[in-house]
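Quick notes on the structure that follows.
The values are calculated or read from the model by the stated rules, or taken from the named source; none is laboratory data. In this text the structure is predicted, and so the values were computed from the model without any measurement. Using ideal geometry, Cβ is built from the backbone for each residue, glycine included, and neighbour counts are taken over all protein chains shown. Only protein heavy atoms, including side chains, enter the accessible area calculation; ligands, DNA and RNA are left aside. Shrake-Rupley method; radii C 1.70, N 1.55, O 1.52, S 1.80 Å.
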Amino acid sequence: MILCDAGVLLCLVDRTQPQHTAYQNAVMPLAKPLITTWSCLTEAMYLALHRGGWMMQKQLGQLLLDKMLTIIEIPLISFKFADKIKKQTKFDLEKLG
């Protein structure tokens, strides 16, 4: 499993990026798809629109269609758990202060 952010996605489709060829060579032979989140894909689509227009966005979409990219959902419970940890940490720090 390889997680990737917007920077990796953009680099895969933007030939002007210095690491474009290296990323292409690393990703293309993989047997399993890259994994990302909706927020990373959204950011990559935004950047692609401003760097290469619709055609670059289409290339990103093609990664999904070709099953080279999979979107994972972040469960709501993850956010609730993170909020609980934040509240607990704040309480613990207040006790120390």
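FRET efficiency for the M28 to I71 pair, using the beta carbon distance and R₀ = 22 Å, is estimated at 0.65.
Can you tally the net charge around W38? Count Lys and Arg as +1, Asp and Glu as -1, for every other residue whose Cβ sits under 13 Å from the Cβ of W38.
On the way: positive: none; negative: D5, E43, E73.
Here the count lands on -3.
What order do M45, M28, M55 take when sorted by accessible area (1.4 Å probe), most exposed first?
Result of the area sort, largest leading: M55, M28, M45.
Modelled spin-label separation between L64 and T42, with each label point placed 7 Å from Cα along the Cα-to-Cβ direction: 1.3 nm. If you plug the beta carbon distance of R51 and Q19 into 1/(1 + (r/R0)^6) with R0 = 22 Å, you get a FRET efficiency near 0.90.
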